[in-house]
Amino acid sequence: MKNFRQPGCSITVPAPSGGAVSGKLCVIGSLIGVASNTVAQGVDVVLETEGVFTYAKTSALAIAIGDKLYFDATNNVLNKTASGNTLVGIAVTAAANPSDFVEFKLGATTV
């Protein structure tokens, strides 16, 4: 097929304002991924756009399997608050209140 470019699990793009940090979420408009490398703004970064990742969460928050998770860019954590945050995926493990991390599936939700 002449128009196929790549599978799309990993996408290389210029890093946004502030650069990118390996293992941290990177949001560029509607493109969301976890940075594979640490780079300065404008330098190519590989974003993982699919998969299950462990990520920091708001400690004082209980999360259930299947909860929608939102990225709070100011505090660099996941939470369940839609307002002012970016939907990034779904919890695949439960996380107690308090706890520091949750596992989530990066990507679109269906409900």
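The values are calculated or read from the model by the stated rules, or taken from the named source; none is laboratory data. It should be emphasised that the depicted structure is a prediction, and the values quoted were computed from it without experimental measurement. Positions of Cβ are generated from backbone atoms using ideal geometry, with glycine treated the same way; all protein chains shown enter the neighbour counts.
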Q: Being touching a Gly at 6+ places or on another chain (Cβ under 7 Å) and exposed (fewer than 15 other Cβ atoms within 10 Å of the Cβ) is the filter; apply it to region 36-48 and report the residue that is nearest to T86 (Cα to Cα).
A: Q41
(Q) I need the full set of residues from region 77-111 which are closer than 17 Å to G29 by Cα and not hydrophobic (A, V, I, L, M, F, W, C), in order please. (A) S83, G84, N85, T86, G89, G107
Q) For residues in region 56-80 being without any contact (Cβ under 8 Å) to a residue 24 or more places away in the chain and more than 12 Å from the chain's Cα centre (by Cα), which is farthest from S36 (Cα to Cα)? A) K80
(Q) Out of the residues in region 43-55 meeting the condition of being over 9 Å from the mean Cα position of the chain (by Cα) and part of a loop (DSSP other than H, G, I, E, B), tell me which one is modelled with the lowest pLDDT. (A) E50
Q | Residue check, G29 over 20 Å from S99 (Cβ atoms) and either in contact with a helix residue (DSSP H, G or I) (Cβ under 6 Å, 6 or more places away or on another chain) or surrounded by fewer than 14 Cβ atoms within 10 Å (Cβ to Cβ) (or both) | A | yes
